[in-house]
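Since every read-out is calculated from the coordinates, none of them should be taken as a lab result. Quick caveat, the model's predicted, so the values are computed rather than measured. Cβ coordinates were reconstructed from backbone atoms using ideal geometry, including for glycine residues, and neighbour counts include every protein chain displayed.
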Amino acid sequence: MATGWAGDGAVQDQIDATVKDAIKRARSQLPQGPGLRHCEECDAEIPEARRQAMPGVRLCIACQEVRDQEQAAQGGYNRRGSKDSQLR
């Protein structure tokens, strides 16, 4: 049963769209092309095992961890805020 302006399943549709967007964003950030032998940030050697495990790798583990932390600090999707805004 729909209430207000939202149709049946509107909240679930919004959640599904958010998940699809997140997957698309994550896939677009995967490394592509040939991997590097040395980190593009600090010039440290990238181990062969890492290059085989992550085709297209461009950063050493330490620099990748820093980048991951920076991206996590930027925040993500706020589905709850979006849902609440529909209920007003």
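Values for this structure:
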| read-out | value |
| --- | --- |
| Placed amide H near residue 35: partners under 5 Å, 5+ positions off or other chain | 56, 57 |
| Label-point separation in nm, residue 51 to residue 16, each point 7 Å along Cα→Cβ | 4.4 nm |
| Distance between modelled label sites at residue 73 and residue 42, nm, 7 Å Cα→Cβ extension | 1.6 nm |
| Vicinal HN-Hα couplings computed from phi for the stretch 58-63 (Karplus, 6.51 cos²θ - 1.76 cosθ + 1.60; Hz; Gly/Pro x) | 10, 10, 6, 4, 4, 5 |
| Distant alpha-carbon pairs in the stretch 30-73 (separation over 18 angstrom), percent | 21 percent |
| Dimensionless Rg/Rh of the stretch 1-55 - Kirkwood Rh, Rg from C-alpha atoms | 1.39 |
| DSSP-assigned coil residues among trypsin sites (Lys or Arg not before Pro) in the stretch 1-64, each with at most 11 further Cβ atoms within 10 Å | 37 |
| Under the Karplus curve 6.51 cos²θ - 1.76 cosθ + 1.60, θ = phi - 60°, whole-Hz ³J(HN,Hα) for the stretch 15-24, x wherever Gly or Pro sits | 4, 4, 5, 5, 5, 4, 5, 5, 5, 4 |
